[in-house]
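Novice: Got a structure here, written out as structure tokens. Questions coming.
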Amino acid sequence: MSNKIPKLTVVGAGPGDPDLITLKAIKALESADVVLYDALINETLLKYAPKAEQIFVGKRKGCYAYQQEQINELIVNRAKNYGHVVRLKGGDPFIFGRGAEEIDYVQQFDIETDMVPGISSSFAVPAYQGIPLTKRGVSESFWVITGTTKSHKLSQDVYLAAKSNATVVILMGMGKLSEIVSIFAAEKKQDTPVAIIQNGTTENEKFGLGTIDTIEKIVVEGKLSSPAIIVIGDVVSQRAKLASIYKEIREEVVS
């Protein structure tokens, strides 16, 4: 058993581009004795913790390396036996990342906790494609909504968001795209621009651009799938033309 003080630091790894991790996150990784990392993080970030035990605890397409209860227990076990555990999560851990749940759990065991925010994919991924979530005269606010709730259903907030003039960003919503499109169409928003961005901010990024009426066709033509975010609103048509290091390898489907 280690003589080190047990500690958990929940760290946001950012949306995918390894350069978007924060300096504080890097410092946390450098001091880690154990790193538990998720599927959506860029594994090149693990180089900042070369001496730490590195354990993959993520999921891919519904296949879990560990259930959440097992992850909670693993954090407690490793913290008590080894010291500083870094829980490395994609994006920001407090935005649909269950970071707060893990902190709540380990605090029952008198384990010190800390949190390092990350850059969320909800705004960083659109930004990399030149899409501003707000723009004067176009959009005054934006919603960020999970496409899949704890009960595996579409959030009821989508119905409210569809009635507003705000930009709507939906995470984890590709499996519910038909339902989402129907909700917006019912509000007579068939011509509202939609962008779908897969593997945002990474070298494998793919982009589809259409409207509520056409986006499902675009997804099929472009073979777009998860992990992807959906951006709905007039700001999509305000997309700026940006030079990017990934410009030559991005795939784009437009209708």
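Novice: Rank these residues by their accessible area, most exposed first, probe 1.4 Å: 241, 206, 163. Don't skip to the answer; put the middle values down first.
Specialist: Values: 241 170, 206 35, 163 130 Å².
Order by accessible area, largest first: 241, 163, 206.
Novice: For segment 121-238, evaluate the Debye formula with one uniform point scatterer on each Cα (no solvent term) and list log10 I(q)/I(0) at q = 0.14, 0.19, 0.20, 0.24 Å⁻¹, rounded to two decimals.
Specialist: Scattering profile of segment 121-238, log10 relative to I(0): -0.49, -0.96, -1.08, -1.60.
Novice: What is the total of Lys pairs in segment 121-238 with C-alpha atoms under 16 Å apart, excluding same-chain pairs fewer than 8 positions apart?
Specialist: Values: 150/176; 153/176; 163/188; 163/189; 176/217; 176/223; 206/217; 206/223.
Close lysine pairs under the 16 Å cut-off: 8.
Novice: Ratio of Rg to Rh for the chain, alpha carbon only, Kirkwood? Walk me through the numbers on the way to the answer.
Specialist: Working: Rg = 19.4 Å, Rh = 19.2 Å.
When Rh is taken as the Kirkwood radius, the ratio is 1.01.
Novice: For every other residue with a beta carbon closer than 12 angstrom to the beta carbon of residue 183, add +1 if it is Lys or Arg and -1 if Asp or Glu, then tell me the sum.
Specialist: Working: positive: 163, 176, 188, 189; negative: 157, 179, 187.
Within the 12 Å Cβ shell, the charges total +1.
Novice: Just to be sure I understand the curve: with the Debye formula and one point per C-alpha of segment 7-116, what is log10 I(q)/I(0) at q = 0.14, 0.19 Å⁻¹?
Specialist: Result of the Debye calculation: -0.47, -0.90.
Novice: Can you pull the accessible area of residue 224 for me, 1.4 Å probe, Å² to the nearest 10?
Specialist: Accessible area of residue 224: about 10 Å².
Novice: Using R₀ = 41 Å, calculate the FRET efficiency as 1/(1 + (r/R₀)^6) where r is the Cβ-Cβ separation of residue 152 and residue 4; round to 0.05. Mind dumping the intermediate values first?
Specialist: Numbers: r = 39 Å, r/R0 = 0.96.
FRET efficiency, residue 152 to residue 4: 0.55.
The values are calculated or read from the model by the stated rules, or taken from the named source; none is laboratory data. The model shown is predicted, which means the values in this text are computed figures rather than measured ones. All Cβ positions, glycine included, derive from the backbone under ideal geometry; neighbour counts span all protein chains shown. For the accessible areas, the whole protein counts, side chains as well, though only heavy atoms, and no ligand, DNA or RNA atoms are used. Shrake-Rupley method; radii C 1.70, N 1.55, O 1.52, S 1.80 Å.
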